[in-house]
Amino acid sequence: IASVARSNNGNSEDDWSTVSFLPSRRYIHKLVQRYVSRLQQEGDGAELENDRLASLVCHFSMSSKKFGASTSGSFNSSIPDPLASCMVSFRVPVITPGNGRRHNKFAREDEPSKNDDDDHDDLLRIRVYPHHNDVGVAKVWEAGACLAEYILRHPQVVRGRKVVELGAGVGLTGLVTAAAATSRGFSGGRGDGEDGRVVEKGDVFVHLTDYTEACMENMVYNVEVNESWLKRRGVDPASVTVGTLEWSEYAQNENNMVFSQTAESNPVYGSHGANSIHALSNADVILAADVVYDVHSIPDLVSTVCKFLSSPWKSTNGNQNGEEKRAIFATTFRNQTTFGLFEKELDKKGIICDYLSLDDVPFVFPCYFRQPRSDVRLCTMKLKR
């Protein structure tokens with residue numbers, strides 16, 4: 001790139017054909033992302049124009065042959081394909097109980113892999129569509145990774161519970177939650193947690209929800225491809241289910257729709273909205289990450305949380321210790337107006353947020369994040385008494 005700048009001696013047009021080794025398409029895509037992100041960080045006064053970068057991107061889009069486009073010869077073949085997917089893999093650490101009830105410590109697997117197949121099964125694999133216009137399948141989002149890491153550090157918040165995740169996206173947080181909620185998932189193989197709760201078969205149920213077709217299909221795939229990973233952590237894959245959920249549908253439905261036998265016999269996809277509404281009406285905990293970004297959906301989102309928290313405790317575990325239902329949210333702070341509206345709606349519904357410290361939460365899921373961990377707000381919610 002520098003050679004083009006030197007050879008042109010200030011000419012307004014760059015001749016990229018003179019460059020012997022042009023950057024890859026992936027590099028150009030990341031370069032533009034990083035450039036725009038840096039400008040956004042600099043504030044309103046930053047200029048978004050850069051002639052040399054613009055000409056490089058233009059050349060990249062036009063030169064399908066030079067950039068390794070498909071043999072079809074189509075001009076559009078050099079444009080990033082929204083249906084092109086890739087897998088991101090993570091080795092999730094085991095948590096073993098520490099000294100006392102306040103701390104957990106991370107450890108590697110007790111037994112090293114004996115062969116390549118075992119090592120492959122030990123990876124949590126998530127399919128994403130980096131160029132898709134559906135944000136739910138595009139990536140592992142900052143708050144989703146952070147919430148999964150918090151649950152790894154504090155598995156007692158979901159252990160032995162029936163959990164529903166709102167806006168589950170690619171499913172990373174839900175899969176981690178399923179493992180943390182079992183007796184073997186992240187507790188070193190013990191049958192009880194730090195809180196002394198014995199986890200029986202059937203206690204754990206994790207239901208992942210979203211609403212777009214792309215999200216639903218991708219979540220089903222990610223659950224299925226990680227069945228071996230779940231089994232190695234003592235999780236029955238049938239206890240991790242997927243279903244569509246429109247927040248307005250749950251918030252406005254008075255009868256919670258009777259759960260049909262047909263839906264119960266199909267644990268992966270169920271009967272869409274009916275499945276998810278039934279799961280919500282019987283859940284102990286709801287999770288949500290990076291769902292606060294559309295001002296139009298915030299009232300329905302908050303109404304869903306309010307209805308869940310105020311509904312009677314129906315879990316088969318019962319409310320034996322005077323516990324309350326929990327809502328745990330992780331939100332990346334992106335827009336003051338949007339976040340302010342969210343907090344205002346929570347206050348109108350009588351919901352109190354208790355913000356949690358992330359100081360003891362480790363980085364487990366390294367991804368290409370546009371915002372730092374410090375921008376993520378993690379809180380538990382409860383109704384005012």
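The values are calculated or read from the model by the stated rules, or taken from the named source; none is laboratory data. The model shown is predicted, which means the values in this text are computed figures rather than measured ones. Please note: Cβ atoms are built from the backbone with ideal geometry, for glycine as well, and neighbour counts cover all protein chains shown. In case anyone asks, the SASA skips ligands and DNA or RNA and just uses the protein heavy atoms, side chains included. Shrake-Rupley method; radii C 1.70, N 1.55, O 1.52, S 1.80 Å.
If only Cα atoms are counted, what is the Rg of region 336-385, and what is its Dmax, in Å?
Reported Rg and Dmax, both Å: 13.8, 41.
Report the local net charge at Leu358: Lys and Arg +1, Asp and Glu -1, summed over other residues whose C-beta lies under 13 Å from its C-beta.
Values: positive: Arg153, Arg373, Arg377; negative: Glu142, Glu149, Asp359, Asp360, Asp375.
In short, -2.
How would Tyr355, Tyr129, Tyr250 rank on accessible area, largest to smallest, probe 1.4 Å? Mind dumping the intermediate values first?
On the way: Tyr355 95, Tyr129 40, Tyr250 0 Å².
Largest accessible area first, the list is Tyr355, Tyr129, Tyr250.
Out of every Cα-Cα pair in region 120-163, what percent are more than 17 Å apart?
Values: 499 of 946 pairs.
The share of Cα pairs beyond 17 Å in region 120-163 comes to 53 percent.
Among Lys139/Lys231; Lys231/Lys344; Lys162/Lys384; Lys231/Lys384; Lys231/Lys349, which pairs are too far apart, with a Cα-Cα distance over 32 Å? Mind showing how you got there, number by number?
On the way: Lys139/Lys231 25 Å; Lys231/Lys344 42 Å; Lys162/Lys384 23 Å; Lys231/Lys384 40 Å; Lys231/Lys349 40 Å.
Long pairs (Cα-Cα over 32 Å): Lys231/Lys344; Lys231/Lys384; Lys231/Lys349.
Would you please give the FRET efficiency between Thr380 and Lys344, computed as 1/(1 + (r/R0)^6) with r the Cβ-Cβ distance and R0 = 22 Å, to the nearest 0.05? Spell out each step's value before the answer.
Details: r = 19 Å, r/R0 = 0.86.
Step by step, r from the Cβ atoms, then E = 0.70.
Would you kindly find the accessible area of Cys146, with a 1.4 Å probe and non-protein molecules such as ligands, DNA and RNA excluded, rounding to the nearest 10 Å²?
0 Å²
Label Ser311 and Arg34 with points 7 Å out from Cα along Cα→Cβ: what is the distance between them in nm?
Using points 7 Å along Cα→Cβ, the separation is 4.7 nm.
Using protein chains only and a probe of 1.4 angstrom, how many square angstrom of Glu343 are accessible, to the nearest 10?
Surface accessible to solvent at Glu343 totals approximately 80 Å².
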